[in-house]
1. If the limit is 25 Å between Cα atoms, which of Lys32/Lys141; Lys46/Lys141; Lys362/Lys391; Lys35/Lys326; Lys141/Lys228; Lys174/Lys362 go over it?
2. Whole number please: convex hull volume per residue, Cα atoms of segment 240-283, in Å³.
3. Would you mind calculating the gained length between Glu47 and Asp173 on full extension (0.36 nm times residue separation, minus the Cα-Cα distance), in nm to one decimal?
4. For labels at Leu373 and Gln23 in the simple 7 Å Cα→Cβ model, what's the distance in nm?
5. Go through Lys149/Lys232; Lys163/Lys371; Lys259/Lys402; Lys43/Lys159 and tell me which ones have a Cα-Cα distance over 29 Å in this structure.
6. Could you work out how much longer the chain between Lys259 and Ser316 gets when fully extended? Use 0.36 nm per residue separation minus the Cα distance between them, nm to one decimal.
7. Cα atoms only: what Rg and Dmax, in Å, come out for the chain?
8. Ratio of segment 142-290's C-alpha Rg to 2.2 N^0.38 Å, to two decimals?
Amino acid sequence: MSFSDMPVDVGPVYEGERIRAKQMYVELGGPKMEKHFELVRVKPAKEIKDGEVIIHGPDLKDMEQGSTHPIGILVEVSGPELEEDLEAVFERRIHEFCNFVNGIMHLNQRYTNWMRISTSAFNKGFNSFQMLGTILIRLFKAELPIIEKAQVTLYTEAKDIEKPHEFAMSIYDKRDERARTIHDEDVDMFYGCVLCQSFAPTHACCITPDRTSLCGSINWFDARAAAKVDPKGPLFEIPPGECLNLEAGEYAGINEMIKKRSLGEIERIYLFSGMEFPHTSCGCFEAIDFYIPEVNGHGIVDRNYSDVAINGLPFSAMANQTGGGKQLPGFNGISIQYIVSPKYQQYDGGIETIVWMNKGVKDRVEEFLPKDLLPKIATEEDVPDINNLKKWLEEVDHPIVKTWAEALGEEEEEEWEAEGAMVPMGTVGMTIPGVGGAGGFKIILKNCKIHAESIIIKKIDPRAKRKK
Ligand code: SF4
């Protein structure tokens, strides 16, 4: 495969390239655009004109510098071994392949896709979406040899994107609906994905029926199909092995996988906890599940929400805390589908710990949430800030209120003692969240043994301190 006819270089070395606003020629999709999408469909060979690129709307050379446009990317493929289950996994490769182009930055997936094309690439002659479509076709066929024919259609005009966007949304809904029909106990194999390791080298996704990938694009069925056709590829089987903690979703096989894939950086994962050994996050999560210490509950904010969340932080600030392959208790990258999983953060208390969601998220999941809980989950329309949240939760009698006496320190001092508490430690990272769940610091203990006769946890009241 050659790209010598292209005015810019193409290759994996350019993955991770950042294009800041002042370096961009145009922006496509992203939070400023209402409708955008990317979709892959498997079609019969006779319906594909191999190598064809169709553009609906203005081409790159017709766009004004600094402008923002809708983008719809439809990739249609055929091949005798292809099946519909592979569509979502192929679709995720659009992110990777676009990022191979020197001068393109691609973020997110499905209907949150967001691209920037750099001025430098444009000035070198990368001035037509024909080139983008051709590069995608060549990469799809070269990297996934089971694809025999491919064609690409690009939509860059608001009126032209309406119908294909609606169609893409119906396909995503269909995939999500099917994923909700099975659960972890129905299967004997889980799957992993390392497609995002170029951005977050210590991150690997573990995909089970009850925990869809955090990007929301790859469910258990999709991962199974991908691992079957390309067992040495970025999606692979994870035999679960011994279940070490059912409630937390801790499995020997998953721990083994993450230890190997994170090069020893991460040793344990609780699939169903955001507070202890949480699943790592790359940067592609659809939403962030964050702990709100003031009310002992969880909040959820998605990447389309442009205001600050209830904890006073915008999505972008929390995303910096959450992503990068770190394991940061209190901040967990999740898919929207995981919110409606019956195992959602069950180790931390489950669905009844959710006290706040931005309205966009709540609207998307409301039909799946318990009817009695729904009006008790605040949005930005109910409560303006954290200071008013506690009172509001009391007024609506949210179930979290019952946990406060114990969790929010009415007991000033708690003493805990365990006989012979000798804990062998390898390398342990512990993150202490700061005020509002933000900031804080990390303590790393290397090659040490800790012996404690007792541990005393004290709540420090700054006012009491000042009186002394
Ligand atoms: S977020 Fe996870 S499942 Fe999705 S592409 Fe990245 S590694 Fe794969």
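Rule-based calculations on the coordinates, nothing more; no lab input. On a predicted model such as this, the values are computed, not experimentally measured, just so you know. FYI the Cβ positions are ideal-geometry reconstructions off the backbone, even for glycines, and counts take in every protein chain you see.
1. In this structure, Lys32/Lys141; Lys35/Lys326 lie more than 25 Å apart at Cα.
2. 69
3. 42.9 nm
4. The modelled label-to-label distance comes out at 4.3 nm.
5. Lys163/Lys371; Lys259/Lys402
6. 17.7 nm
7. 23.7, 84
8. 1.15
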